Amino acid sequence: GAPGVPGGEAPAAAPAEVRLSRRRWAMVLLFSSYSLCNAFQWIQYGSINNIFVRFYEVDALAIDWLSMSYMLAYIPLLFPVAWLLDKRGLRLIALAGSALNALGSWVKLGSLKPHLFPVTVLGQVICSIAQVFILGMPSRIASVWFGSHEVSTACSVAVFGNQLGIALGFLIPPVLVPNVEDVEKLAYHISIMFFMTAGVATALFILVIIVFKQKPPHPPSRAQALIQSRPTEEYSYTQSILRLLRNVNFLLLMVTYGLNTGCFYALSTLLNRMVIHHYPGEEVNAGRIGLTIVLSGMVGALISGIWLDRTKTYKQTTLVVYIMSFMGMIAYTFTLNLGHLWVVFVTAGMLGFFMTGYLPLGFELAAELTYPESEGTSSGLLNVSAQIFGIAFTIGQGQIIDHFGTKAGNLLLCSFLFLGTVMTAFIKADLRRQQANLDNEQTVSKHPFNPCCAPAQDNTQPL
């Protein structure tokens, strides 16, 4: 919870009233929108990799690095940003994320000549810093604003925006920037894409200034009320990270989440290269295959969020989805070179449904395993793991594709997904957040006069 909550020092006799705020859906949709814009900027170069290679006269790896800069920036910056999220709360993080996202999109407009590649790199680096203020937020927004029966759905809606941004990043660039010979014409087409992005990013930043609030007037769930009634001094950020790193189930989840999401990052970054290798001249269809992966994944993510709210079967759902991601990756690997684009569409769609459907599952399982630690910290650590594996897989798979072809590169990802599936089976379903909501309801029914503090000591781990 956010320290400095009024009432932190008050006697624990009167617990906060639990009530839902009308504004909660506006908050999550606005977050989703600027997250979308930022994710679009992540993949907008990779989805037409070959065109930017020609325009800036650099090699394919240099353009891959424009996508990988997002992963690289995240690793050192996560901890300061997660600390800020804890100390200053949601509003400051939202302002910083949407401001940097808009700034980066304007800088890119200064890179419309072939020799200005460093300027486009600078713009992308600013956007990649913005992403650090965005990626760890979904589960935090969900728990601060939403009731316990809708928190997983809200988390998937928040993740959804990012996925939709990646989808548009596959779909729009090949349409706006056709592969024309004339460099002047190419610069004109690229400028249209950059201008549209900058306009949208700026409008969203203004909306965040006007609409985005720190937290609702009342806590939305008993688990949140407990966190908010904790005295500030009890909470130490460093201690929190150390406790997370001693939590065996969470560590297993961190590695398995990293393997799955790292595979997804590598696949997205290298997709244009893989498809064009087997289907020359099909830039627009390569973008559509990327779109299919992400759209089916968004459906997967929403379904898994709603399913979790209904069933609360965190561990079982995560394992099933992981196994299906592995099967999907195998299907994609062995059908890519068959010469039928429609088959690639089908297998890529199946792969995306499970691989992207896994993202909110990982966040929500982490929030359960680590309650009452801050969700910003737990999902941040998951993301760091994903970025590290993402960079390793993107570079490794890119090198393997160059030397041994696409099948060998994809088999590398298959082997890591298999490893992740086995490790997921060993995670114990220690659902602490759910237990806090249950304990609290029982305490309330036993002692209606003092429902607040009885269960608090059961849920915190000993320091």
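The values are calculated or read from the model by the stated rules, or taken from the named source; none is laboratory data. Remember, predicted model here, so these are calculated numbers, not experimental data. Methodologically, a virtual Cβ is constructed for each residue, glycine included, from the backbone with ideal geometry; neighbour enumeration extends over all protein chains shown. All accessible areas refer to the heavy atoms of the entire protein, side chains included, with ligands and DNA or RNA removed. Shrake-Rupley method; radii C 1.70, N 1.55, O 1.52, S 1.80 Å.
Here is how the number arises for the chain: DSSP H runs of 4 or more residues each give -39500 (n - 2.57), the sum is divided by the residue count, and the result at 222 nm is -26500 deg cm²/dmol. Mean separation of Cα pairs under 8 Å and 6 or more residues apart, divided by the residue count, gives the chain a relative contact order of 24 percent. Label residue 72 and residue 408 with points 7 Å out from Cα along Cα→Cβ: what is the distance between them in nm? Result for the modelled spin labels: 2.6 nm.
If the chain between residue 213 and residue 415 were fully stretched, how many nm would it gain, using 0.36 nm times the residue separation less the Cα-Cα distance?
Numbers: separation 202, 0.36 × 202 = 72.72 nm, distance 4.42 nm.
So the chain would gain 68.3 nm between residue 213 and residue 415.
Are there any GluC sites (Glu not before Pro) in the range 173-260 that are in a DSSP loop and have at most 14 other Cβ atoms within 10 Å? List them by number. Please report the intermediate quantities before stating the final value.
Working: sites: 181, 184, 233, 234; in loops: 181.
Loop-located and lightly packed - 181.
Note on residue 183: accessible area is roughly 60 Å² with a 1.4 Å probe, heavy atoms of protein only. The angle separating the long axis of helix 183-211 from the principal Cα axis of greatest extent in the chain is about 10 degrees.
Full extension of the chain between residue 276 and residue 26 gives 86.0 nm of extra length, using 0.36 nm per residue less the Cα-Cα distance. Along the range 237-250 the Karplus relation, 6.51 cos²θ - 1.76 cosθ + 1.60 evaluated at θ = phi - 60°, assigns HN-Hα couplings of 4, 5, 4, 4, 5, 5, 5, 4, 6, 9, 8, 4, 4, 5 Hz to successive residues, with x for each Gly and Pro. Distance from the C-alpha centroid of the range 389-403 to that of the range 220-298: 19 Å, rounded to the whole angstrom.
Protein-only accessible surface at a 1.4 angstrom probe places the residues 177, 320 in the order 320, 177, largest first. The dipole here belongs to the chain: it is taken about the Cα centre, uses +1 on the Cβ of Lys and Arg and -1 on the Cβ of Asp and Glu, and is about 780 debye.
A Förster distance of 56 Å, applied to the separation of the beta-carbon atoms of residue 109 and residue 255, puts the FRET efficiency at 0.90.
Extending 7 Å from the Cα toward the beta-carbon at both residue 429 and residue 316 defines two label points whose distance is 0.6 nm. Counting heavy atoms of the protein chains alone, residue 428 has an accessible area of about 140 Å² for a 1.4 Å probe. Given their separation in residues at 0.36 nm each and the Cα-Cα distance between them, residue 341 and residue 57 gain 99.3 nm when the chain is fully extended. Taking label positions 7 Å along the Cα-Cβ direction at both residue 84 and residue 388, the computed distance is 2.3 nm, reported to one decimal.
Using a probe of 1.4 Å, the accessible surface attributed to residue 256 totals some 0 Å² when neighbouring protein chains are kept in position.
What order do 149, 115 take when sorted by accessible area (1.4 Å probe), most exposed first?
Details: 149 115, 115 140 Å².
Result, largest first: 115, 149.
Round to a whole number: what % of the accessible area of the range 39-197 belongs to carbon and sulfur, probe 1.4 Å? Write down the numbers at each step before the final one.
Working: 3860 of 5160 Å².
With neighbouring chains kept in place, the figure for the range 39-197 is 75 percent.
A dipole drawn for the range 158-293 from +1 and -1 charges on Cβ atoms has a positive end, and of 286, 276, 224 the residue lying farthest that way is 224.
Could you do me a favour and compute the accessible area per residue for the chain, 1.4 Å probe, result in Å²? Walk me through the numbers before you get to the answer.
Working: 17550 Å² over 463 residues.
Accessible surface, normalised per residue, equals 38 Å².
State to the nearest 20 debye the size of the charge dipole of the range 244-375 about its Cα centre, where the only charges are +1 on K and R beta carbons and -1 on D and E beta carbons.
On the way: 6 positive and 7 negative charges, 40 e Å.
Taking the Cα centre of the range 244-375 as origin, the dipole is about 200 debye.
Electrostatic bookkeeping for residue 128 treats Lys and Arg as +1 and Asp and Glu as -1; over the other residues with beta carbon under 14 Å from its beta carbon, the sum is 0.
Largest accessible area first, the residues 310, 88, 288 order themselves as 310, 88, 288 under a 1.4 Å probe with ligands, DNA and RNA left out.
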